[in-house]
Ligand SMILES: Nc1nc2c(ncn2[C@@H]2O[C@H](COP(=O)(O)OP(=O)(O)OP(=O)(O)O)[C@@H](O)[C@H]2O)c(=O)[nH]1
Ligand SMILES: [Mg+2]
């Protein structure tokens, strides 16, 4: 089943409690404090799994809960941290906080992995509170509660070209001829009930992804037919391929179809009509098609029209090469503006990397991790040589690359512990 929207409540794990204990040793009446810290609660992480193409696995989950960190113990034993929960989702998944309506993550790269609910910190044990004035503190800290949030999870498929049009105009036939995708094709309306993706080989080692969408009819934006719910899947496409049945054999008028579909696209989201469009005039093998096309061309002058007989694979080569050329020249625009994102995003990385990066605000990033923090403490920032060594190390650890990948630009602020410096992209 194809599911492209679910709402779920996330409960990250609570931190384990710190322990209050004192050392007991033979012949020593009362030792010092020895309570260990609690472990961190489980993060709830969303990660891309390229093998998935629907959110169906999440459909029956009202909530996802992370385990609690273990409590600290005596003898300064720290509690174990809980194992993170990793939720696998398809490429193109967008996660929005339902309270703030801000986007927490837009997972558009196959390595993407984002912490959506943060596990609670473990509480400190009484050892941590020992001071000169109070060498034997009789208290410990409780674990921090894990983050709780309600999110909407949406799939917006990642495709370069979207095939749109009335039912039965031949959209699925086209994708079946230009890619390896084998959707159901039939003479009745609404054969396609959910989007199909296909990879098109455009030669010269170029390729692009096409989405074949369920048919639209007049009033789709008001819920007629299958409605407009699948149109979210062309929001990311860069080119719209508008398929029209030129034979008009079902008693339809190709020009009217063209106008109706464009109006439905506009009513769904005006931005879609701003995307470049080509018209695929299909079923040119049928009677009437030539004549209808002549009329159509008189009325529609501002868009490229390709004459095609999908069933015979006639004319599709030209369409593919034009689409490839267009994609070469059209810039990729991010789907959402920066302001729509939550300012604070925590990234985790697929390969266990010894650091974490948090996007603290639009131009500010925080890097944490034992190794990097140790290095920072040991670096004397008064010597040039030490600074060079420090920055080389940052690069070697892959921190530079990760920051660039996440979108850091020259002049952004990078914070490690309490030191801030400017990011420079070399
Ligand atoms: N004569 C002719 N028939 C075609 C051509 N292309 C598709 N058809 C037929 O048109 C009918 C509908 O084709 P589909 O590819 O299923 O159409 P669709 O646009 O995907 O339809 P929905 O999924 O219902 O929206 C099928 O019977 C196809 O065989 C063509 O170039 N010429
Ligand atoms: Mg179809």
Open item on the list: I need the calculated FRET efficiency for the pair residue 379 and residue 23, taking r as the beta carbon distance and R₀ as 45 Å, to the nearest 0.05.
Closed with: 0.80
Open item on the list: Helix-only estimate, please: 222 nm mean residue ellipticity of the chain, summing -39500 (n - 2.57) across DSSP H runs of length 4 or more and dividing by its residues, to the nearest 500.
Closed with: -6000 deg cm²/dmol
Task: Size descriptor, Kirkwood hydrodynamic radius, that averages inverse alpha-carbon separations across the chain, Å - done: 25.3
TODO: Can you bin segment 207-288 into rounded, prolate or oblate? Criterion: square roots of the alpha carbon gyration tensor eigenvalues sorted a ≥ b ≥ c, rounded for a/c under 1.5, prolate for a/b above b/c, oblate for the rest.
DONE: oblate
Task: Calculated FRET value between residue 229 and residue 253, using beta carbons and R₀ = 25 Å, to 0.05 - done: 0.40
TODO: With a point put 7 Å past each Cα toward its Cβ, work out how far residue 288 is from residue 273 in nm, to one decimal.
DONE: 2.8
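What order do you get for 423, 60, 27 when you list them from fewest to most C-beta neighbours inside 10 Å?
27, 60, 423
Sorting 174, 345 on the 10 Å Cβ count, fewest up front, what's the list?
345, 174
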- [ ] Measure out, as a whole number of angstrom, how far apart the alpha-carbon centroids of segment 181-215 and segment 312-386 sit.
- [x] 30
- [ ] Using packing as a proxy for protection, rank 203-209, 297-303, 238-244 so that the peptide with the highest average count of other Cβ atoms within 10 Å comes first.
- [x] 238-244, 203-209, 297-303
Task: Pairwise centroid distance, computed over Cα atoms, of segment 113-179 with segment 34-75, Å - done: 10
Task: Principal-axis tilt of helix 316-329 within the chain, Cα atoms, nearest 10 degrees - done: 40
- [ ] If a/c stays under 1.5 just call it rounded; otherwise compare a/b with b/c (prolate if a/b is bigger, oblate if not). Do that for segment 155-305, with a ≥ b ≥ c from the square roots of the Cα gyration tensor eigenvalues.
- [x] rounded
Task: Normalised contact order of the chain, rounded percent, pairs of Cα under 8 Å and 6 or more residues apart - done: 13
Task: Sequence of 328, 314 once ranked by neighbouring C-beta atoms within 10 Å, starting from the fewest - done: 328, 314
Task: Using alpha-carbon coordinates, inclination of helix 384-396 to the longest axis of the chain, degrees - done: 50
Task: the chain: angle of helix 254-268 to the longest principal axis, Cα-based, in degrees nearest 10 - done: 20
Task: Coarse-grained scattering of segment 1-102 at q = 0.17, 0.23, 0.24 Å⁻¹, given as base-10 log I(q)/I(0) from a Debye sum over alpha-carbon atoms - done: -0.82, -1.11, -1.16
Open item on the list: If you restrict to DSSP beta bridges whose two residues both lie in the chain, what percentage is antiparallel, to the nearest 5?
Closed with: 60
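No value in this document is a laboratory result; all are computed from the given coordinates. These figures come from a predicted structure and were not determined experimentally. We place every Cβ from the backbone using ideal geometry, glycine too, and count neighbours over all the protein chains shown.
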